[in-house]
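Trainee: Here it is: the structure, laid out below.
The values are calculated or read from the model by the stated rules, or taken from the named source; none is laboratory data. Note that the structure is a prediction, hence the values are computed from the model and not measured. Here the Cβ is made from the backbone with ideal geometry for all residues, glycine too, and neighbour counts use every protein chain on show. Just so you know, the surface numbers come from the protein's heavy atoms only, side chains and all, with ligands and any DNA or RNA stripped out. Shrake-Rupley method; radii C 1.70, N 1.55, O 1.52, S 1.80 Å.
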Amino acid sequence: MATTKLLASVGKAVRIVDFLARSDADGVPLTLIARSLDINKTTAYNTLATLREYTWVEQDEETGYYRLGEGIGPIASYHTHTQRIVDELHPVLVGISRRFNELVHLGRLTGTSIIYLDKVEPDRAIRVVSRIGREAVAARTSLGRALIASSPEGERSVDYYLSDPSLKLAREETIDSLRASLESNIELFPTRGWTQELEENEAGICCVAVPISLPGGGTMAISVSTPTERMPEERRVEFARGIAEEVRMHADSIGVSLFHDIR
């Protein structure tokens, strides 16, 4: 396969824009930009001059410092494909949370982790530490298990997901138990269409998750999290069916679909 040739000038411009986006809004001197990015000072100056021409960068008349300009506005306000899907799925999460008055999460896989993309909290308190953007070990969560089980690799990927660096300090019996639980979820998924996690990610909390297919390809999963006492075995399928029903209500308008019927 041919190797793509990267354009150094474009790479430097992208790095400078990214650096300014993470810097003080009052601006940054040329010398600091060049030194921080290990770019020749003259090259940095010429790159900044080009970015100024397109109003992606502006220079303070008094200090001479550089900062992002108005030309970056359309990019800064642009919603990625993922964020648009998250926004469209939010009413689904609200409907699920209202149906059960429980905590609902939306997530997707990133490497061996699950990342929480959105959540809706219930009216009552729940002892769960979560925030949008937080990552958790996929193998430990119902969200992660739903996405692993619904992937083409399925059981063949178990070793990969158990290689997550944060699991290296876990005891051998803990890893064995986690492997058995993950493999059981994968094995049962084709016949029931949902996955579970029973106090394996957070003590006292159980979760049920259902994976969904996205328009244009890709997968996310939706979960319901409750204290253990509110999720006995006989209620888990009820939570899964509730997730599925809410997804179906919005499926046509969003373009999402379920992987399997819930049984």
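Trainee: Among the helices (runs of 4 or more DSSP H) lying completely within the stretch 1-101, list those that include at least 1 residues that are surrounded by 12 or more Cβ atoms within 10 Å (Cβ to Cβ) and among the charged types (D, E, K, R).
Mentor: Of the helices (runs of 4 or more DSSP H) lying wholly inside the stretch 1-101, those with at least 1 residues that are surrounded by 12 or more Cβ atoms within 10 Å (Cβ to Cβ) and among the charged types (D, E, K, R) span 8-21, 30-37, 41-53, 81-100.
Trainee: For the stretch 131-147, how many residues are in contact with a strand residue (DSSP E or B) (Cβ under 6 Å, 6 or more places away or on another chain) and outside any helix (DSSP H, G or I)?
Mentor: 5
Trainee: Residue check, Y161 against (1) modelled with pLDDT of 95 or more; (2) within 18 Å of the chain's Cα centre (by Cα); (3) among the hydroxyl-bearing types (S, T, Y); (4) within 21 Å of I205 (Cα to Cα), all met but one. Which one?
Mentor: It is condition (4) that Y161 fails.
Trainee: Moving on to the next point. Criterion first (modelled with pLDDT of 95 or more and more than 21 Å from the chain's Cα centre (by Cα)) does E187 satisfy it? Steps first, answer last, please.
Mentor: Numbers: modelled with pLDDT of 95 or more: yes; more than 21 Å from the chain's Cα centre (by Cα): yes.
Considered against the rule, which asks whether it is modelled with pLDDT of 95 or more and more than 21 Å from the chain's Cα centre (by Cα), E187 comes out as yes.
Trainee: So if I check each of G111, G107, which one is within 23 Å of G217 (Cα to Cα), of a type in the set (G, A, S) and at pLDDT 95 or above?
Mentor: On inspection, the qualifying residue turns out to be G107.
Trainee: Enumerate the pairs (first residue in the stretch 180-203 and touching a residue at least 12 places away in the same chain (Cβ under 8 Å) and under 11 Å from A149 (Cβ atoms); second residue anywhere and open to solvent by 50 Å² or more (accessible area, probe 1.4 Å) and assigned to a helix (DSSP H, G or I)) with beta-carbon separation below 7 Å, excluding pairs fewer than 6 apart on the same chain, so at least 6 apart or on different chains.
Mentor: Close Cβ pairs (under 7 Å, with a partner that is open to solvent by 50 Å² or more (accessible area, probe 1.4 Å) and assigned to a helix (DSSP H, G or I)) amount to E183/E155; I186/E155.
Trainee: Out of the residues in the stretch 120-148 that are hydrophobic (A, V, I, L, M, F, W, C) and surrounded by fewer than 16 Cβ atoms within 10 Å (Cβ to Cβ), state the one that is modelled with the lowest pLDDT.
Mentor: Start the filter on the stretch 120-148 by keeping residues that are hydrophobic (A, V, I, L, M, F, W, C), which leaves 120, 125-126, 128-129, 132, 136-139, 143, 146-148.
In the following step, the residues that additionally are surrounded by fewer than 16 Cβ atoms within 10 Å (Cβ to Cβ) were identified as 125, 129, 132.
Values: A125: 71, V129: 64, I132: 87.
So, considering only residues that are hydrophobic (A, V, I, L, M, F, W, C) and surrounded by fewer than 16 Cβ atoms within 10 Å (Cβ to Cβ), the one modelled with the lowest pLDDT is V129.
Trainee: Would you pick out the residues in the stretch 176-211 that are open to solvent by 60 Å² or more (accessible area, probe 1.4 Å) and under 28 Å from A251 (Cα atoms)?
Mentor: E187, L188, P190, T191
Trainee: While we're here: Report yes if V104 is touching a residue at least 60 places away in the same chain (Cβ under 8 Å) and in a strand (DSSP E or B), otherwise no.
Mentor: Criteria met by V104.
Trainee: Can I ask one more? Just checking, how many residues over the stretch 212-244 are open to solvent by 40 Å² or more (accessible area, probe 1.4 Å) and either small (G, A, S) or free of Cβ contacts under 8 Å to residues at least 12 places away in the same chain (or both)?
Mentor: 9
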